1. Considering the Cα positions of the chain, please state its Rg to one decimal place and its Dmax as a whole number of Å.
2. How much accessible surface does residue 42 have with a 1.4 Å probe, in Å² rounded to 10?
3. For region 135-286, what is the percent of antiparallel DSSP beta bridges, rounded to the nearest 5?
4. Using a probe radius of 1.4 Å on heavy atoms only, what accessible surface per residue do you get for region 39-116? Whole Å² is fine.
5. Once you sort the root eigenvalues of the Cα gyration tensor of region 135-286 as a ≥ b ≥ c, which label holds: rounded (a/c under 1.5), prolate (a/b larger than b/c) or oblate (the other case)?
6. With runs of 4+ DSSP H residues as the only contributors, calculate the mean residue ellipticity of the chain at 222 nm using -39,500 (n - 2.57) per run, divided by the residue total and rounded to the nearest 500.
7. What's the carbon and sulfur percent of the chain's accessible surface, probe 1.4 angstrom, rounded to a whole number?
8. Placing unit charges on C-beta atoms (Lys and Arg positive, Asp and Glu negative, everything else neutral), compute the dipole magnitude of region 366-440 about its Cα centre in debye, rounded to 20.
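The values are calculated or read from the model by the stated rules, or taken from the named source; none is laboratory data. Treat the numbers as computed from the prediction; the structure is a model and nothing was measured. Note that each Cβ is placed from the backbone with ideal geometry, even for glycine, and that neighbours are counted across all protein chains shown. The area values use the complete protein model at the heavy-atom level, side chains included, leaving out ligands, DNA and RNA. Shrake-Rupley method; radii C 1.70, N 1.55, O 1.52, S 1.80 Å.
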Amino acid sequence: MFAATKLATRSAFRHNWVRFSSTAAAASSYKLVVVGGGAAGLAVSSTLAQKLGKNEVAVIEPSAVHYQQPLFTFVGGGLKDFSETHRPMGELIDGNAKWIQQAAAEIDPEANTVTLADGSKVSYDYLVVAAGIELNFGGIKGLEQAIGKNGVASNYSPQYVEKTHEFLQNVQGGNALFTMPATPIKCAGAPQKIAYLADEMFREKGIRDKVNVNYYTALGKIFAIDKYANAMNGIAKSRDVNVNLFHDLVEVDGANKKATFKVLGSGPNAGETVTVPYEFLHVTPPMKPFDFIKNSKIANAAGYVDVNQATLQHNKYSNVYSLGDCSSLPTSKTAAAAAAQSHVLKQNLLNQIQGKDVPAVEYNGYTSCPLVTGKHKLVLAEFSGYTGTPHETFFFNQANEHAFSYWLTAEALPSVYWNSMVKGTWKGPSTIRKLTNPANAN
Ligand SMILES: Cc1cc2nc3c(=O)[nH]c(=O)nc-3n(C[C@H](O)[C@H](O)[C@H](O)COP(=O)(O)OP(=O)(O)OC[C@H]3O[C@@H](n4cnc5c(N)ncnc54)[C@H](O)[C@@H]3O)c2cc1C
């Protein structure tokens, strides 16, 4: 899909000089610094710490806990226990790497340094930025006061994900609202997945006729890719989930249990606001790039790390790479995408470090969104975010709800995540696809 791309390189002399000179000024110096120990950061740092040897790689990560976030949907739906979603960070960072348990506060790609929250500096020869995306609960008026109480929850935060199931169980009737914001978000399918799980809970409880299930999205489509959008529109209709397009949540009045939406788009009501009472409100918060990235020289105008969409190398600073949710890569932000990206990034970065003059390995925009629609039902969307083309791993039509797709996502992939993804050995399903769907092997 891309013409063979060459990585931009810098001379070994420059790297050695930078390393030597910055060691004098900085508290510590590493061949490779990885900012972030999430899905993407661990996939990269685990492999490269093994390849580059003891204490050559540092991982800057403030959190003592790593979350397998794709499991949050199942926790909110009451299908998994919260304890399954997290592990101590120290158990996951490779033993060869140095864990710097602090937040990165500043990146200076001219000086090859990262300033930490305590003001000290770490210098690097090569930098990989994988810090994820920031949840912005404060971006909606009243939400910070309302969340976690009186029926307002969110699967997006480890702090509130258990509240989703707790509050859904309390519902006896009225409106259950599920929202999707206007900003880029991680896992763009998760805002609606929980609506279908709630629908199933209400049916099992025998109260479905007393509850209106409403999905409000700021976007003009239920899903970005037509094949899966058609499937999801059909499923929403069959479950009596009302889909309200172009409705952006702007205010939550927690005391009076009312949600206010601004109508977007160019329809007759565009620009107006609509206030809806609720018994239950699941909020997907707006999200934004972290300030320490946005305010640095490695960011693009939108605040994401400005990398080449094929090679994942920075467009200006050749010793800087990025992947995952904080990168500028124009595809859906998922762990599945990060796995495929990590495979590409690691090969390109290693080739650069080892001075190999070989064509760059290229990322094709692969991402996946497993759209859970019930306890044993799931639409397994897999596609390139660059072309909008489905890249399905299996021979059956993955736009159809399937018990196998559910089993794969709920039971198999969580252990792939713990046993392979965070250890850097999972590169996504491209190898399996050659056997299971050879007609769509690319
Ligand atoms: C409810 C929900 C459902 C999802 N469902 C799916 C799914 O079904 N399938 C799928 O593939 N994906 C899913 N995702 C998305 C997936 O979890 C993310 O896309 C993935 O985790 C991105 O990896 P990342 O490493 O870029 O970011 P993260 O995994 O978020 O990691 C970022 C890391 O950076 C650290 N960090 C933050 N600030 C700093 C700083 N200043 N300095 C240093 N470190 C910092 C954080 O502590 C964190 O550890 C879901 C996400 C959610 C919330």
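1. 22.2, 72
2. 0 Å²
3. Numbers: 11 of 28 bridges.
In region 135-286, approximately 40 percent of DSSP beta bridges are antiparallel ones.
4. Working: 2930 Å² over 78 residues.
Value returned for region 39-116: 38 Å² of accessible area per residue.
5. On the way: a/c = 1.37, a/b = 1.05, b/c = 1.30.
Rounded, because the longest to shortest axis ratio a/c is under 1.5.
6. Working: 13 runs with 119 residues, N = 442.
It lands at -7500 deg cm²/dmol.
7. Working: 9220 of 17890 Å².
Its accessible area is 52 percent carbon and sulfur atoms.
8. On the way: 6 positive and 4 negative charges, 37 e Å.
Computed charge dipole of region 366-440: roughly 180 debye.
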